[in-house]
Structure formats: structure tokens, C-alpha cells
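Written out below as C-alpha cells is the structure these notes cover.
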């Protein structure tokens, strides 16, 4: 079972399987289903009408993602020039050189401009990790300098520019793709959990077997009848039979394409149970310190249980910031 990258689903498809990059459009859900099957378990194709059973939940998830991304903040312009004049851009990157290095090392941006020689600007989906660190520092309150004030510094790292395009709507589709892939990661996590359950049952069976051996040794060395040890062995044998039965069922379900498809259906049928995308804002000063009266950065927070927590925004970029 492949481990999917947290990147735009369309780009994942284009890179890994050769499906059409536009497959996420409503008219191409059949192809979306095939990508999901390839990602989770290709053996699902042996099941009767698998594509029909899964198409409706893919549609459900896409409608959910449509509603989440409908009111995303307007794009933020990122460039060498904007870094010099816009404090919001400076908060996102350590320095101008770091920003330019990240832009040029992106897996998709230089390629996009190279393949669109007549285009000077583009839109993209920027995904980052947001970090907050509290410390005691100084703060100016009117004319008074206060010391030992609890403050929160905000920084961003692990920048990924995805889904470059000429239209804001297509860049937003990149965020939806990102959310879709995150949900598939959840499916894979559930499948992996079933493997952990097997390991737990195997460990339990081994522990019970060891305890039975120990009691039998005591029973063999005992003088006369040891009814307590005999009863304990009988009880443990019964427990082991239950564990063995559970283990057989767990192994069947873990490798079952039908079970894997059910995991997909369960997650994509109710994506709101796992995925959250919310519009948020953050007020920070020029030093990246949270404060009420400062520069406001707007972004979307994307969170899926313990698998993913990222901030996302639509950004505009300019060709002149890309070398070569």
C-alpha cells in the first residue's frame, strides 16, 4: 500500500499514475475513483461495482471541500519587492534570501514558468507549518516600557508551493486536492491500525501461551493434585482460543479488499468527522510577535486529527523572482 504525499492530488496523480491532471473535476469522478483505488488497494477492483459504490462518496467529499474553500482569503503577493514593503510577507519567511531559495527550489513553480513563457505572474497554493513560542520580553505601553511581559512569537516553516495556475479558482482546487489526499492518509492510517491490532493479538496470544507453559511446569513438579493450576490452565486455554479466533478474523479483514473499500467509504462519506478547514487571521508586529494592533495575516487552517495541521493561503508570484 503506497504512502501518499501530502501534496496536491492532481500533481500526485500526474506524477505517479499518469491520470489526467484535471481528473478532480466533477465530470471526471470515475477517474478520481480509480486514483483512490490505486492509492489504497488496487485489489479493490476485484469487487463487483466498486466504482459505482465509491463514486457517490467521492462526490460527497468534493462537495464538502467546495464548501470549505468557498470563502478563503484573497491572495497575498509574494516577491522580492513585496518582502521589502509588506510586513505580512516578512513574517512568513526568515529573510528575503530564504524566500527566494524556497521559491526556486519548489518542485512546481520554476517548471510552471518555463512551460508558460508568455506569463509574468501566477497564483499558487502555499502550505506551511505555523509555530508559536511563548517567552518573556519587553513591551511598550504608551510611553512606558514594560518588562517580563509574556509574549508569543509566530514563525512559519516547511513551505510548499503547490498547484500553480493562472486562475485563483484553480489554485483553490489545489487546497481541495490537498484536503482530499489528507483524507486518504486517514484511510491508510485506519488500515495500518488493523495491522497494529494483529500485532497486539499476537502478543497477547504469546503471553498467554508462556503463562500456560509456566503453570504446566509447576503442575508437573507438584506433589499431588494442584487443582488451582489446572483451573488456571483451563481458563487460559479458553482465553487463548478467543484470541486465536479474533486473530483469524483480524487477518482476514486486514487483507480484505472489501474491508479496505469500506474504510474508504466510511471516511469519504463523512469527511467532516476528520477534516477541518477554517479561515483565520493573525495580528503580528514586524518582529513576528502577536499583538492586537499590528499587521493582519489571513489564512486557512487545515487539520485532520493527529495526521496533519497546516496553514494554507493563495499567493501570487512573479516570474522575475525565478532564476534561469
Between helix 96-105 and the chain: long-axis angle, C-alpha atoms, 0 to 90°, nearest 10: 60
Expected output is a single nm value to one decimal: the length gained when fully extending between residue 46 and residue 143, i.e. 0.36 nm times separation in residues minus the C-alpha distance. What is it? 27.5 nm
I'd like the distance between the alpha-carbon centres of the range 152-170 and the range 284-315, rounded to an integer number of Å. 11
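For the range 65-120, divide the Cα radius of gyration by the Kirkwood radius and give the resulting Rg/Rh value with two decimals.
Details: Rg = 14.0 Å, Rh = 13.3 Å.
Rg/Rh for the range 65-120 comes to 1.05.
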Taking the simple approach of a point 7 Å from Cα along Cα-to-Cβ for both residue 262 and residue 292, what is their distance in nm? 5.4
Take every Cα-Cα pair in the range 243-324 and report what % of them are more than 21 Å apart. 63
Provide the three semi-axes, in whole Å and in decreasing order, of the ellipsoid equivalent to the range 51-169 as defined by the square roots of 5 times the Cα gyration tensor eigenvalues. 36, 23, 13
Determine Rg/Rh for the range 190-256; Rg is computed over alpha-carbon atoms and Rh is the Kirkwood hydrodynamic estimate from the same atoms. 1.17
Please arrange 292, 70 by counting, for each residue, the other beta carbons lying within 10 Å of its beta carbon, fewest first. 292, 70
For the chain, find the longest principal axis of its Cα atoms and tell me its angle to the long axis of helix 227-254, 0 to 90°, nearest 10. 40
If you take all C-alpha pairs in the range 116-258, what percent of them are over 27 Å apart? 64
Taking the structure as given and computing semi-axes √(5λ) of the Cα gyration tensor in Å, which label from [x] 50, 30, 16; [y] 30, 22, 18; [z] 42, 34, 22 fits? [x]
For the chain, what does the helix formula give at 222 nm: sum of -39500 (n - 2.57) over DSSP H segments with n ≥ 4, over the residue count, nearest 500 deg cm²/dmol? -17000 deg cm²/dmol
Relative to the longest principal axis of the C-alpha atoms of the chain, give the angle of the C-alpha long axis of helix 50-69, reported between 0 and 90° and rounded to the nearest 10°. 40
Just report the Cα centroid separation between the range 233-259 and the range 101-119, whole Å. 53
Please work out, to two decimal places, the log10 of the ratio I(q)/I(0) at q = 0.12, 0.14 Å⁻¹ from a Debye calculation in which every Cα of the range 167-324 carries one identical scatterer. -0.77, -0.89
For the range 156-207, what is Rg from Cα atoms divided by 2.2 N^0.38 Å, rounded to two decimals? 1.92
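Throughout, read-outs are computed from the coordinates displayed, never taken from laboratory work. Values in this document were obtained by computation on a predicted structure and should not be read as measured data. When we count neighbours, we look across all protein chains shown, and the Cβ atoms used for this are built from the backbone with ideal geometry, even at glycine.
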